[in-house]
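Step one of this worksheet: look at the structure below.
The values are calculated or read from the model by the stated rules, or taken from the named source; none is laboratory data. Note that the structure is a prediction, hence the values are computed from the model and not measured. Using ideal geometry, Cβ is built from the backbone for each residue, glycine included, and neighbour counts are taken over all protein chains shown.
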Amino acid sequence: METSQLTQAILFESDTKEWRTVHVPLPDPQRDEILVRVLACTICGSDLHSVSGRRSVPSPIILGHEIVGEIVAFGPTSSRQTIDGQALQEGDRIVWALVANCGLCFYCNNGLPQKCENSFKYGHAKFESPRHLAGGFAEHCLLVSGTKCVKVPADLPLEIACPIGCSMATAAAAIEFACSNEKGNALVLGGGLVGLMVCAMLKSRGVTNIVCVEPNESRRELALRFGATTAASQLDSATVKQLTKSRGFDCAIECSGNNAAFELGFQHVRTGGNLVLVGSVFPGPGVPVVLDQIVRRNISIFGVHNYRPDHLVQAAEFATTAGRLIDPSLIVSQWFTLDELPTAIHSAVDAMALRVGIRAK
Ligand SMILES: [Zn+2]
Ligand SMILES: [Zn+2]
């Protein structure tokens, strides 16, 4: 590789809200790093929150974490295997976990590698040497030590591949805690991409009754296309009785971050059911919870933030099987080039579409 070669990245300055194009030398991967060419990166809701200031991020930063890349070069000691044991070589198309973890700390050893004490999060780190190429809105990304990746087939549409490392893997993590009875019934609260992926993955696992509650009509239509069996703007007790043989839902998965949705899930999960919270990722007002209801109805409440590497494997498996059947244009309505990122961000804010994305030329 020529050391003089430059690569382009778009920086976001969170204090001035300005975008800045930079060209930096293309790094030679060191130790177990892997250099990847970014093929596509979709704009996630959390990128939009970073731009709006709702979420604080270091500055300057390369945003973007829903990335699909192609391996350009391996560091001298980097693993040439995916987490599910497939061999890797230059030119392979990969998706990697949002959080790189050390494998040594307390959380890594206690089932929560996504909360690693030495974690590194793509699309969330300050643009600074030596890990400056750490986001998706750039021509290249440098994968650091501890990054877990999976291979995706070259013929898998980028629209299906981009969400693997964010909403699909998060949905897989949520589902782990959701339904022990796979033939049962599930309540999905919120029809954003995580909620829709939960619907699609529950369907692929044989859950027969999947009810999605979502206020927006076009999102409800999408929920039905992704796998929900019923989509409603609200739920009343009579409908729940009819849908669940009067028992309530085996599980409720809250993907919207809305307190009223939590209350709905809490109300309608059955005795012994599981309530899984995924959507509430920002500080907000509390909700009243009547504690005896948790106790006397034997309700289990789980919080799920990000995901483990095995959820990424499940997401990739889903994407290449049942996920492949999703119409790609439902996920990404419009692609832009890297130079057009500020326009793409505007479009993502305006669009009712789930995602717009940046694709390599
Ligand atoms: Zn995301
Ligand atoms: Zn760790």
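Of the numbered conditions (1) surrounded by fewer than 21 Cβ atoms within 10 Å (Cβ to Cβ); (2) more than 20 Å from the chain's Cα centre (by Cα); (3) in a helix (DSSP H, G or I), Lys361 satisfies every one except a single condition; which is it?
For Lys361, the exception is condition (3).
Tell me, which helices (runs of 4 or more DSSP H) wholly within the stretch 191-246 include 2 or more residues that are buried (at least 20 other Cβ atoms within 10 Å of the Cβ) and of a type in the set (Val, Ile, Thr)? Before you say what the answer is, go through the steps one by one.
On the way: elements: 193-204, 217-226, 237-243.
Those helices (runs of 4 or more DSSP H) span 193-204.
For the stretch 45-89, which residues satisfy the criterion of being in contact with a Phe, Trp or Tyr (Cβ under 7 Å, 6 or more places away or on another chain) and at positive phi?
Gly64
Among (1) modelled with pLDDT of 95 or more; (2) part of a loop (DSSP other than H, G, I, E, B), there is one condition Arg20 misses while meeting the rest; what is its number?
(2)
With the condition kept exactly as written, say whether any residue in the stretch 134-146 is farther than 20 Å from Thr7 by Cβ and among the β-branched types (Val, Ile, Thr).
Within the stretch 134-146, not a single residue is farther than 20 Å from Thr7 by Cβ and among the β-branched types (Val, Ile, Thr).
Among the residues of the stretch 268-299, how many are free of Cβ contacts under 8 Å to residues at least 40 places away in the same chain and either among the charged types (D, E, K, R) or over 15 Å from Asn185 (Cα atoms) (or both)?
Within the stretch 268-299, residues that are free of Cβ contacts under 8 Å to residues at least 40 places away in the same chain and either among the charged types (D, E, K, R) or over 15 Å from Asn185 (Cα atoms) (or both) number 20.
Can you spot a residue in the stretch 51-58 that is at pLDDT 95 or above, assigned to a loop (DSSP other than H, G, I, E, B) and among the aliphatic types (A, V, I, L, M)?
no
Conditions (1) of a type in the set (Gly, Ala, Ser); (2) modelled with pLDDT of 95 or more; (3) within 17 Å of Ile94 (Cβ to Cβ); (4) not in a helix (DSSP H, G or I), marked per residue:
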site: Gln314; (1), (2), (3), (4): no, yes, yes, no
site: Ala319; (1), (2), (3), (4): yes, yes, yes, no
site: Trp335; (1), (2), (3), (4): no, yes, no, yes
site: Asp339; (1), (2), (3), (4): no, yes, no, no
site: Ala344; (1), (2), (3), (4): yes, yes, no, no
site: Ala348; (1), (2), (3), (4): yes, no, no, no
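Considering only the stretch 230-253, how many residues are within 14 Å of Cys179 (Cβ to Cβ) and free of Cβ contacts under 8 Å to residues at least 40 places away in the same chain?
Looking only at the stretch 230-253, we keep the residues that are within 14 Å of Cys179 (Cβ to Cβ), and these are 244, 247-253.
From what's left, free of Cβ contacts under 8 Å to residues at least 40 places away in the same chain: 247-248.
Residues that pass the stated criteria total 2.
Consider the stretch 33-50. How many of its residues are within 21 Å of Ile331 (Cα to Cα) and either surrounded by fewer than 18 Cβ atoms within 10 Å (Cβ to Cβ) or not polar (S, T, N, Q) (or both)?
Qualifying residue count for the region: 10.
With the condition kept exactly as written, say whether any residue in the stretch 154-163 is out of contact with any strand residue (DSSP E or B) (no Cβ under 7 Å at 6 or more places or on another chain), acidic (Asp, Glu) and modelled with pLDDT of 95 or more.
yes
In this structure, does Arg308 turn out to be among the charged types (D, E, K, R), at pLDDT 95 or above and buried (at least 16 other Cβ atoms within 10 Å of the Cβ)?
When the stated conditions are applied, Arg308 passes them.
Do we have Val281 as surrounded by fewer than 20 Cβ atoms within 10 Å (Cβ to Cβ), at pLDDT below 95, under 14 Å from the mean Cα position of the chain (by Cα) and in a loop (DSSP other than H, G, I, E, B) here? Break it down into steps so the answer makes sense when it comes.
Numbers: surrounded by fewer than 20 Cβ atoms within 10 Å (Cβ to Cβ): yes; at pLDDT below 95: yes; under 14 Å from the mean Cα position of the chain (by Cα): yes; in a loop (DSSP other than H, G, I, E, B): yes.
Yes: the conditions hold for Val281.
Taking Ser256, is it of a type outside the set (Val, Ile, Thr) and buried (at least 21 other Cβ atoms within 10 Å of the Cβ)?
Taking the combined requirement at face value, the residue satisfies it.
Surrounded by fewer than 19 Cβ atoms within 10 Å (Cβ to Cβ) and either within 16 Å of ligand 1 (Cβ to nearest atom) or aliphatic (A, V, I, L, M) (or both), is that true of Lys121?
yes
Return yes or no: is Pro29 part of a loop (DSSP other than H, G, I, E, B), buried (at least 16 other Cβ atoms within 10 Å of the Cβ) and at pLDDT 95 or above?
Working: part of a loop (DSSP other than H, G, I, E, B): yes; buried (at least 16 other Cβ atoms within 10 Å of the Cβ): yes; at pLDDT 95 or above: yes.
In short, yes.
Within the stretch 150-165, is there a residue that is in a loop (DSSP other than H, G, I, E, B), small (Gly, Ala, Ser) and surrounded by 24 or more Cβ atoms within 10 Å (Cβ to Cβ)?
no
Return the residues of the stretch 102-142 that are more than 7 Å from ligand 2 (Cβ to nearest atom), over 27 Å from Pro25 (Cβ atoms) and not basic (Lys, Arg); say none if nothing qualifies.
Here is the first cut: in the stretch 102-142, the residues more than 7 Å from ligand 2 (Cβ to nearest atom) are 106, 109-112, 114-115, 120-142.
Now narrow it down to the ones that are over 27 Å from Pro25 (Cβ atoms): 106, 109-112, 114-115.
Phe106, Asn109, Asn110, Gly111, Leu112, Gln114 - these are the residues of the stretch 102-142 that are more than 7 Å from ligand 2 (Cβ to nearest atom), over 27 Å from Pro25 (Cβ atoms) and not basic (Lys, Arg).
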